[in-house]
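Structure first, commentary second.
The values are calculated or read from the model by the stated rules, or taken from the named source; none is laboratory data. The shown structure was predicted, so the numbers you read here are calculated from the model rather than taken from an experiment. Neighbour counts run over all protein chains shown; Cβ positions are idealised from the backbone, glycine included.
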Amino acid sequence: MSTLPRILRPLAVFLAVGIFTLGAGSAAVAANPAAHPDLAVATAAANDREGPQFYTGLLIDVSGAIDGDVYASGQSVTISGDITGDVIAAAQTITITGTVDGDVRLAGQDVSITGQVSRSGTVFASNFTVGDTGSFGDDVVGAAGRMSIEGEVGRDVVASVGRLLIEGSVGGSVTYVSDEDARIADGAVGGTIEHIETPQTPRVEVSPWAVFIGWFLGVFYALVALSLITLIAGLLFPRWLHRVTDQLVPSPWKALLVGFVASIAVPIALLFSAVTIIGAPLALAALLVWVLMILATFVYSAYYIGRLIFRGAQHPVIKALVGGMILIVALQIPWLNILVWLAMVFFGLGAQLLEIQRRRPWHLMPETTVAPQLPASATSEPTQPAGTAVAPEQPGSATPPQPPVGTIPRPPPPPGPTLP
């Protein structure tokens, strides 16, 4: 009996889905019967009252005597006539007030039996009730959230239920699977009563050593993987690591503030861009870049910690590896790892954004070159020694102007043709 709930409960869910599907289809047929002539003919065939009878619709009431089986599906199905065969029905509400000489197989939300069923019943429902005037000649098998038997059951009851209430009489044994004990009146069951509790998933006890070994392996894996990442970054991008972390050396709090504001503003901006047709592709591309920047914060933070430890001219790989190991260990400490992770993300994002802002194309201006200035002695006129007479200038012998110091004199123009 341990496999009973595994079989009955999934089957009950499957049948319940079929009920609502058939109910929706029957509503469409009732609204437009001409669109489904096959179903209309099958329903009309019920007037023959012999052989298999098929019913579909919103509200179905099978009355009178029928010599054959009845198949019905709809929102509400009522069997108020005398059926010599079996009844197979699926609906939201199923009510049997007449007599059924064969078996009944029912699936619905609410199933009520106040008539007489000569043979067995298989019922899957949310609420299943056998009224004080209802009866089953043989067995009752089913699954229900709540099962109430106030009438008579000739033989056994086998059910998977949430709650079971028996105030009538059961000629055989009662076997039920439930988390709760059934409420059974004294002398209501002629045979034995067997309660099978719902099997619980066994709890596996984990030893503290297994937890420690798992934690150690996780730390070791993170140490090796992230160390390789920092090693590769230190080998391939040493200058970029140095430039980005330069933003943290003079003003780390500025980088922290920029990273904090960007962590709030950028996701909101990406969300608003994603809801537009034009901005959706750009938002996806920007989201990818943003995720990569967040992942890169570990490398920059590790390198910055290495710079703080090694003040000398150490190799960038050594700085990145040592800083990465310290950062990995700090991220494994409970409660402290939250603060370390937030600081890593905020400082790393702020440093990257500040470096990107500094490296803007319009921000990089060409450097202006300043010409070297000559000393004053080179540009001043030579002074005459004291007591030296200055020769007077002769008329007609004007001294040609001398070019400034430091310039190359232009050569005289070539002589032109002599005029006669």
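Can you tell me which residues in the stretch 219-238 are of a type in the set (S, T, Y) and modelled with pLDDT under 75? Give the derivation first.
Initial filter on the stretch 219-238 (of a type in the set (S, T, Y)): 221, 227, 230.
S227, T230, listed by residue number.
Out of curiosity, is L270 under 26 Å from L342 (Cβ atoms), within 20 Å of the chain's Cα centre (by Cα) and exposed (fewer than 11 other Cβ atoms within 10 Å of the Cβ)?
So L270 fails the test.
In the stretch 155-167, what residues are over 45 Å from the mean Cα position of the chain (by Cα) and surrounded by 19 or more Cβ atoms within 10 Å (Cβ to Cβ)?
D156, I166
Do you know which residues across the stretch 157-176 are in contact with a Gly (Cβ under 6 Å, 6 or more places away or on another chain) and more than 12 Å from T122 (Cα to Cα)?
G162, G168, G171, G172, S173
Of the numbered conditions (1) surrounded by fewer than 20 Cβ atoms within 10 Å (Cβ to Cβ); (2) in contact (Cβ under 8 Å) with a residue 12 or more places away in the chain; (3) in a helix (DSSP H, G or I), V249 satisfies every one except a single condition; which is it?
All conditions pass for V249, except number (3).
Among the residues of the stretch 185-235, write down those that are surrounded by 14 or more Cβ atoms within 10 Å (Cβ to Cβ) and in contact (Cβ under 8 Å) with a residue 60 or more places away in the chain.
Of everything in the stretch 185-235, those that are surrounded by 14 or more Cβ atoms within 10 Å (Cβ to Cβ) and in contact (Cβ under 8 Å) with a residue 60 or more places away in the chain turn out to be I196, V219, A222, L223, L226, S227, I229, T230, L231, A233, G234.
Would you call L292 loosely packed, with under 13 Cβ neighbours inside 10 Å and modelled with pLDDT under 85? It would help to see each step written out before you state the result.
Values: loosely packed, with under 13 Cβ neighbours inside 10 Å: yes; modelled with pLDDT under 85: no.
No: the conditions fail for L292.
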